[in-house]
Amino acid sequence: MGSTSVSPITVVVGDEELLVDRAVAELVASVRADDPDVDVHDLVPSQVTAGKLVECTSPSLFGERRIVVLRSAQDLTKDLATEVTGYLKAPADDVIMVLVHAGGAKGKALLEAAVKAGGKRINCPKPTKANERLQFIKGEFSRAGRQITADAAQSLLDAIGNDLRELAAACTQLVADTEGRVDAAAVARYHTGKAEASGFTVADRAVEGRLPEALEQLRWSLAVGTAPVLINSALAGAVRGLAVAAQPPRGMSEADLAKRAKVPPWKLKTLRQQARGWSPQGVARAMEVIAETDALIKGAGRDPAYALERAVIEIASARSLRS
């Protein structure tokens, strides 16, 4: 007969297009491995008519197997959904029906009918949390028989954003153009836009008291060649912003406050959040650290990386300083 691993009725559920497409492609590939001549009908709702449905699912004169993929099954008209439900009660022997459903309330009756008819359900949940997206990135490298370090995966996510297709494409590029385990420096070579912002990321994490992340970002920034003086400048800007946000002069307008903090007005909200938990003593100590670090970085024969690491540790610690 044919593939035993693919159910005659399969429901692929999810609204993340890339994952759904992959699930369908894997099903088709699995059947093709057993039967290279299988006939595939891949249909979107606008292509589906009652006549087309009958044509695709009727017993074949020549006995060849068919895969009928109905995309966006939740968007089928009521009449067509009824036709499909009717078919599910008595599926043809040589047809594999794959229903793709977004998973919401729309068209839910058809989804339930398919499962009730013994359909196998494959869930393709959208990664909504950062950790799930990081797992997706690691999974992309595993699929290719490769590895990526945790900080490199985070750097890639920061550089590309949350679009899975773009992330997958970036992973494919890195797999093709690098060898061995992919690290943050390799990511940086391909996504240098991140390097420009990296000094600010170090500064944000430090004033938020998120020391491990601040140090990781610092090492990454230095690895990609960000000038130490620029990183310290970003730290100085963050601490100056804190000072303004923590103790704003009375009666000062938002626009003047932003000007004083040397940030665009939209960043005041972030500054206020960062300023929570800071005492005047802590801000004063952080200011001292910035001045000391500036002198160390510009001083001859010093190690700028060590000076910056010390600064990040001191600033993150100053957050909890109380009189």
- prompt: Looking at Ile315, is it among the hydrophobic types (A, V, I, L, M, F, W, C), closer than 19 Å to Thr201 by Cβ and over 35 Å from the mean Cα position of the chain (by Cα)?
  reply: no
statement: Within the range 103-133, residues farther than 30 Å from Tyr87 by Cα and touching a Leu at 6+ places or on another chain (Cβ under 6 Å) come out as Arg133
message: Can you tell me which of (1) more than 13 Å from Asp93 (Cα to Cα); (2) modelled with pLDDT of 90 or more; (3) of a type in the set (D, E, K, R) is the one Asp37 doesn't meet?
response: (2)
Failed criterion for Ser7 (all others in (1) touching a strand residue (DSSP E or B) at 6+ places or on another chain (Cβ under 6 Å); (2) surrounded by fewer than 19 Cβ atoms within 10 Å (Cβ to Cβ); (3) at positive phi hold): (3)
task: Check Ala186 against each of (1) within 24 Å of His101 (Cα to Cα); (2) in contact with a Ser or Thr (Cβ under 6 Å, 6 or more places away or on another chain) and name the one condition it does not meet.
output: (1)
- request: Taking Ile96 as the residue in question, decide whether it is in a strand (DSSP E or B) and touching a Pro at 6+ places or on another chain (Cβ under 9 Å).
  value: yes
field: Residues satisfying the stated conditions in the range 256-292, i.e. under 34 Å from the mean Cα position of the chain (by Cα) and among the small types (Gly, Ala, Ser)
entry: Ala258, Ala261, Ala275, Gly277, Ala286
field: First in the range 33-49 and over 22 Å from Val100 (Cα atoms), second anywhere and surrounded by 15 or more Cβ atoms within 10 Å (Cβ to Cβ) and among the polar types (S, T, N, Q), Cβ under 6 Å, 6 or more apart
entry: Asp34/Ser3
message: Checking the conditions here, which among Val28, Val6, Val12 is outside any strand (DSSP E or B) and modelled with pLDDT of 90 or more?
response: Val28
- prompt: If you take the residues in the range 290-312 that are aliphatic (A, V, I, L, M), over 12 Å from Leu235 (Cβ atoms) and out of contact with any Pro (no Cβ under 9 Å at 6 or more places or on another chain), which one is modelled with the highest pLDDT?
  reply: Ala295
- prompt: Which one of the conditions (1) out of contact with any Asp or Glu (no Cβ under 9 Å at 6 or more places or on another chain); (2) touching a residue at least 12 places away in the same chain (Cβ under 8 Å); (3) acidic (Asp, Glu); (4) not assigned by TED's automatic domain parsing to the domain that holds Thr293 does Glu166 fail to meet, given that it meets all the rest?
  reply: (2)
- prompt: What pairs can you find where one residue is in the range 51-76 and of a type in the set (A, V, I, L, M, F, W, C) and in a helix (DSSP H, G or I), the other is surrounded by fewer than 11 Cβ atoms within 10 Å (Cβ to Cβ) and at pLDDT below 90, and their Cβ atoms are less than 6 Å apart, with a gap of 6+ or different chains?
  reply: none
task: Could you tell me whether the range 246-254 includes any residue that is more than 23 Å from Asp151 (Cα to Cα) and in contact (Cβ under 8 Å) with a residue 24 or more places away in the chain?
output: yes
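So that you can scan it fast, the table gives a plain yes or no per residue for (1) touching a helix residue (DSSP H, G or I) at 6+ places or on another chain (Cβ under 7 Å); (2) surrounded by fewer than 16 Cβ atoms within 10 Å (Cβ to Cβ):
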| residue | (1), (2) |
| --- | --- |
| Ala236 | yes, no |
| Pro265 | yes, yes |
| Leu271 | yes, no |
| Arg276 | no, yes |
| Glu288 | no, yes |
| Ala291 | no, yes |
- request: Could you give me the residue pairs with C-beta distances under 7 Å whose first residue belongs to the range 209-238 and is at positive phi and in contact (Cβ under 8 Å) with a residue 40 or more places away in the chain, whose second residue is in a helix (DSSP H, G or I) and buried (at least 24 other Cβ atoms within 10 Å of the Cβ) wherever it lies, and which are 6+ apart or on separate chains?
  value: none
field: Any chance Pro280 is modelled with pLDDT of 85 or more, farther than 23 Å from Leu215 by Cα and either of a type outside the set (Asp, Glu) or surrounded by 14 or more Cβ atoms within 10 Å (Cβ to Cβ) (or both)
entry: yes
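The values are calculated or read from the model by the stated rules, or taken from the named source; none is laboratory data. Keep in mind it's a predicted model, so treat the numbers as computed, not measured. Don't worry about glycine lacking a Cβ; one is built from the backbone with ideal geometry, like all the others, and counts go over all protein chains shown.
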